[in-house]
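Read the structure below first, then the notes.
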Amino acid sequence: MNDISNVARLSEPLKFAYWVPNVSGGLVVSTIEQRTGWDFDYNRKLAQIAEDSGFEYALTQTRYAASYGADKQHEATSFSLALLAATERLRVIAAVHPGMWHPGVLAKFIITADHISNGRAAVNIVSGWLKNEFTNFGLEWLEHDERYVRTEEFIRVLRGLWTEQEYSQSGKYYNITDFTLNPAPVDVPGRAHPEIFFGGNSTAAQATAGRVADWYFSNGKDLEGFKENIAGVVAASGETRRGTGGAALPAPRFGLNGFVIARDSEKEARDTLREIVAKAHKPAVQGFRDAVQEAGASTKDGKGMWADSSFEDLVQYNDGFKTQLIGTPEQIAERIVEYKKIGVNLFLTGYLHFQEEVAAFGADILPIVRELEADLARKHGTELVPTRTLASQARPGNPAGVGPRAAAESVAV
């Protein structure tokens with residue numbers, strides 16, 4: 001029996017990202033020691049460690065009212081731009097909320113970030129679930145599925161402004177008339193425009209991702225749970241997956257959240273997990289649980305994010321324990337490759353002690369993952385193709401990163 005999903009990409013190495021800790025208190029809502037800083041100096045060093053350790057992406061978190069028991073948080077887009085300027089290869093994904101941004105303003109901001117970083121800017125579109133963050137700003141709060149209607153229009157505007165001249169779009173939430181942004185995004189071979197990540201567990205979220213996203217992100221899930229999410233996204237793509245001008249979009253890829261606890265023995269790793277949960281900041285976790293489970297229950301089918309999350313799950317506020325990247329480096333690598341078999345392309349990872357553990361992941365876990373991936377590919381009649389860096393993809397004679405639209409204009413002139 002073939003245990004490989006038809007959406008698995010066996011010849012492509014898995015990609016790894018980390019959560020940028022631009023929020024105080026670390027990535028677990030617990031009083032356990034977390035040698036992780038939220039300031040820029042800590043994060044600049046972390047980003048450099050990550051890119052030297054084999055990580056390709058970092059995701060900067062967005063919140064305006066700090067939550068999860070945290071009392072401080074930096075804004076995502078400006079923090080991402082600073083990290084891009086401090087690194088050479090790392091792609092940094094800024095999380096943003098439709099309703100907080102106009103898509104045309106964001107499109108322009110990301111183009112500038114893209115040029116500053118030579119083609120390494122990306123976005124994660126977050127439809128929003130924290131009601132008070134909108135209403136206390138005096139912004140309109142939409143019911144669950146309607147937020148995804150707005151998000152889909154938002155993503156279509158981004159893509160249109162990044163790829164077309166005199167772009168127009170008429171919708172319920174955004175109306176764009178004959179608008180051109182110059183310069184275009186940087187021309188990166190294999191990338192049509194800055195990558196668009198998008199997440200959510202609900203049926204509406206999966207459908208939106210299937211129609212318009214480049215990447216679908218999910219909270220932590222076990223294997224069977226993420227198979228269901230993948231199936232929902234794939235079902236929504238097909239004939240409905242169209243970009244600007246009616247062109248077919250490439251199939252979305254899949255990213256999954258996981259909190260990594262790698263120790264010398266499985267017992268030590270499990271003991272660390274038990275200590276994290278035992279030292280949970282109970283009022284903060286309960287407050288977060290009340291907010292997010294109301295959001296999950298607001299979906300028509302009750303399948304929203306966190307709808308089935310236990311108290312223990314929510315100590316890591318994106319369900320990172322559910323993915324079970326917990327044990328020895330060998331056990332974690334084996335678990336990661338099991339997810340690759342069902343179609344995962346990228347892991348978004350969190351840690352207790354980011355600088356030390358990101359470096360350890362690159363040294364101790366990633367080499368095992370690559371060996372297992374290569375063996376898996378050969379077993380199924382293909383070869384693992386090493387990931388090319390952006391530096392090796394740079395086109396001779398195009399140091400400024402002129403995009404395809406601008407290049408066409410120069411030829412026409």
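The values are calculated or read from the model by the stated rules, or taken from the named source; none is laboratory data. None of these values were measured; they are calculated from a predicted model. As a convention, Cβ positions derive from the backbone with ideal geometry for all residues, glycine included, and neighbour counts pool all protein chains shown. Quick note on the areas: whole protein, heavy atoms, side chains included, nothing else; ligands and nucleic acids left out. Shrake-Rupley method; radii C 1.70, N 1.55, O 1.52, S 1.80 Å.
Some points to look at:
- Of the listed requirements (1) over 20 Å from VAL157 (Cβ atoms); (2) open to solvent by less than 50 Å² (accessible area, probe 1.4 Å), SER78 misses just one: (2).
- Answer from LYS15, LYS45 - the residue that is in contact with a strand residue (DSSP E or B) (Cβ under 9 Å, 6 or more places away or on another chain), in contact (Cβ under 8 Å) with a residue 60 or more places away in the chain and closer than 23 Å to LEU366 by Cβ: LYS15
- Some residue of region 216-232 being over 23 Å from GLY258 (Cβ atoms), in a helix (DSSP H, G or I) and either touching a residue at least 40 places away in the same chain (Cβ under 8 Å) or open to solvent by 10 Å² or more (accessible area, probe 1.4 Å) (or both): no
Here is a yes/no grid of residues against (1) in contact with an Asp or Glu (Cβ under 6 Å, 6 or more places away or on another chain); (2) open to solvent by less than 30 Å² (accessible area, probe 1.4 Å):
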position	(1), (2)
ASP145	no, no
VAL149	no, no
GLU166	yes, no
ASP178	yes, no
VAL186	yes, yes
GLN206	no, yes
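- Just one of (1) open to solvent by 10 Å² or more (accessible area, probe 1.4 Å); (2) touching a strand residue (DSSP E or B) at 6+ places or on another chain (Cβ under 9 Å); (3) assigned to a helix (DSSP H, G or I) fails for TYR64. It is (3).
- The criterion of at least 1 residues that are at pLDDT 95 or above is met by the following helices (runs of 4 or more DSSP H) wholly inside region 82-163: 103-116, 144-163.
- Count of region 183-203 residues, restricted to those that are in a loop (DSSP other than H, G, I, E, B) and β-branched (Val, Ile, Thr), is 1.
- Filter result (in a helix (DSSP H, G or I) and surrounded by 17 or more Cβ atoms within 10 Å (Cβ to Cβ)) within region 5-47: ASN43, LEU46, ALA47
- Taking region 126-143 as the range and being in contact (Cβ under 8 Å) with a residue 60 or more places away in the chain, out of contact with any helix residue (DSSP H, G or I) (no Cβ under 6 Å at 6 or more places or on another chain) and open to solvent by less than 50 Å² (accessible area, probe 1.4 Å) as the test, the residues that pass are VAL126, LEU130, GLU133.
- Looking across region 164-182, the residues that are outside any loop (DSSP other than H, G, I, E, B) and among the β-branched types (Val, Ile, Thr) come down to ILE176, THR177.
- Members of region 313-338 that are out of contact with any helix residue (DSSP H, G or I) (no Cβ under 7 Å at 6 or more places or on another chain), closer than 18 Å to PHE16 by Cα and crowded, with 21+ Cβ neighbours inside 10 Å: ASN318, GLY320, THR323
- Residue within region 14-33 that is under 19 Å from the mean Cα position of the chain (by Cα), of a type in the set (Gly, Ala, Ser) and modelled with pLDDT of 95 or more present: yes
- Between LEU90, LEU161, the distinction of being of a type in the set (A, V, I, L, M), more than 28 Å from GLY25 (Cβ to Cβ), surrounded by 20 or more Cβ atoms within 10 Å (Cβ to Cβ) and in contact (Cβ under 8 Å) with a residue 12 or more places away in the chain belongs to LEU161 only.
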